[in-house]
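To start, the structure under review is shown below, and the notes come after it.
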């Protein structure tokens with residue numbers, strides 16, 4: 001039975017970049033005879049220390065334990081038919097472990113879904129940002145036997161470093177993401193956003209437009225933020241809610257309109273539209289920033305709205321608030337788009353084909 005060692009930062013069901021890039025394919029891969037082994041860099045305890053406000057000494061200890069795990073992975077890599085690295089094998093500025101994996105002779109796959117060659121660090125670790133050296137992404141791409149990228153912008157970047165690149169979009173498991181209740185046609189409309197403490201800055205960008213929507217529609221609208229429990233906005237009546245995997249789908253389904261604002265910068269061009277995909281899969285009409293991969297996901301006015309600039313955001317949100325019929329039409333078409341192009345079912349055979357092609361490369365080596 002062929003096997004893949006998945007090398008990633010986090011344990012199962014912890015990070016969106018893992019959940020929606022490879023974790024949700026594991027069951028299908030194993031059903032067709034591909035063994036999948038996940039090696040997370042951080043344990044649950046390490047996670048709390050590393051992303052919390054721990055001392056530099058404790059963070060260093062966490063990294064030391066992670067380095068030992070990766071050294072063990074290198075020693076066992078020869079038993080696998082591929083090593084699949086999601087973003088990076090280890091935190092830090094040099095691809096030490098990717099080079100070591102390459103020396104084992106086992107084919108190396110790099111998967112990424114953000115413009116990770118640009119510097120972006122969490123608030124808790126901002127002072128250590130200089131250690132990241134994001135240009136190592138180019139070095140890993142050159143080492144890889146195959147690069148899998150989540151959108152066309154990322155593919156173009158990867159191809160400047162490696163001719164062997166495949167586009168597999170970020171996808172939704174439509175068996176899990178199903179709407180448990182009928183779409184709301186209530187007069188009072190909830191406009192919602194989902195994300196994390198690191199992406200709440202993107203929500204901030206939309207606040208002026210939301211304030212104008214509130215001024216126009218008054219008590220007919222209310223707002224919800226999921227993913228940052230510390231967020232507060234008294235003017236919009238928002239008390240942020242922490243993300244909980246057990247209630248994620250139900251929490252999203254309480255929203256009538258989903259939004260995905262983004263800043264107009266290079267980092268945003270690397271985004272793969274996950275927030276919008278989640279809403280669309282749950283038959284929630286979306287308004288997404290008219291940038292990057294969002295333009296490949298949404299056909300404006302057919303299965304969602306694209307908006308750029310405050311006035312356009314206000315107009316398109318107001319159109320949805322005003323019309324339950326429009327909300328329902330876009331919601332139904334949005335779900336169809338996900339099922340056809342951005343679902344696990346639509347891409348699972350591509351994943352199998354890609355991995356089997358890599359396995360053949362190992363078999364062909366002397």
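Only residues that are assigned to a helix (DSSP H, G or I) and surrounded by fewer than 21 Cβ atoms within 10 Å (Cβ to Cβ) were counted in the stretch 132-156, giving 9. Checked against (1) out of contact with any helix residue (DSSP H, G or I) (no Cβ under 6 Å at 6 or more places or on another chain); (2) modelled with pLDDT of 95 or more, residue 106 passes all but condition (1).
When the stretch 263-281 is filtered for residues that are in contact with a strand residue (DSSP E or B) (Cβ under 8 Å, 6 or more places away or on another chain) and surrounded by 24 or more Cβ atoms within 10 Å (Cβ to Cβ), the ones remaining, listed by number, are 273, 275, 276, 277, 279, 280, 281. Summed over the stretch 199-237, the residues that are assigned to a strand (DSSP E or B) and crowded, with 19+ Cβ neighbours inside 10 Å give a count of 5. Look at the stretch 8-27: where a residue is on the phi > 0 side of the Ramachandran plot and a partner is in a helix (DSSP H, G or I), sitting 6+ places away or on another chain with Cβ atoms under 8 Å, you get 13/19; 13/23.
Using the structure shown, decide if residue 117 is in contact with a helix residue (DSSP H, G or I) (Cβ under 8 Å, 6 or more places away or on another chain), assigned by TED's automatic domain parsing to the domain that holds residue 349, surrounded by fewer than 18 Cβ atoms within 10 Å (Cβ to Cβ) and at pLDDT below 95. Answer is no for this residue.
Among the residues of the stretch 168-190, some residue qualifies, meaning at least one is touching a strand residue (DSSP E or B) at 6+ places or on another chain (Cβ under 6 Å) and either closer than 30 Å to residue 362 by Cβ or at pLDDT below 95 (or both).
From the set of residues in the stretch 344-358 that are over 12 Å from residue 148 (Cβ atoms) and buried (at least 18 other Cβ atoms within 10 Å of the Cβ), which is farthest from the chain's Cα centre (by Cα)? Ranking the candidates gives 348 first. Out of all the residues in the stretch 186-196, which are part of a loop (DSSP other than H, G, I, E, B) and under 19 Å from residue 249 (Cα atoms)? Those that are part of a loop (DSSP other than H, G, I, E, B) and under 19 Å from residue 249 (Cα atoms): 195, 196.
Between 238, 259, 284, which is within 26 Å of residue 328 (Cα to Cα), modelled with pLDDT of 95 or more and under 16 Å from the mean Cα position of the chain (by Cα)?
After applying the criteria, what remains is 259.
Across the stretch 201-234, which residue is farthest from the chain's Cα centre (by Cα) among those that are farther than 21 Å from residue 309 by Cβ and modelled with pLDDT under 95? Applying the filter and picking the extreme gives 219.
For the stretch 254-271, the candidate set comprises residues that are in a loop (DSSP other than H, G, I, E, B) and touching a helix residue (DSSP H, G or I) at 6+ places or on another chain (Cβ under 7 Å); within that set, the residue that is farthest from residue 157 (Cα to Cα) is 256. One residue stands out among those in the stretch 71-87 that are touching a strand residue (DSSP E or B) at 6+ places or on another chain (Cβ under 8 Å) and part of a helix (DSSP H, G or I): the one that is nearest to residue 163 (Cα to Cα), which is 77.
Within the set 101, 90, 50, 97, the sole residue that is at negative phi, outside the structural domain of residue 268 (by TED's automatic domain parsing), part of a loop (DSSP other than H, G, I, E, B) and in contact with a helix residue (DSSP H, G or I) (Cβ under 8 Å, 6 or more places away or on another chain) turns out to be 90.
The values are calculated or read from the model by the stated rules, or taken from the named source; none is laboratory data. Source: prediction; values computed, not measured. Cβ: placed from backbone, ideal geometry, glycine included. Neighbour counts: every protein chain shown.
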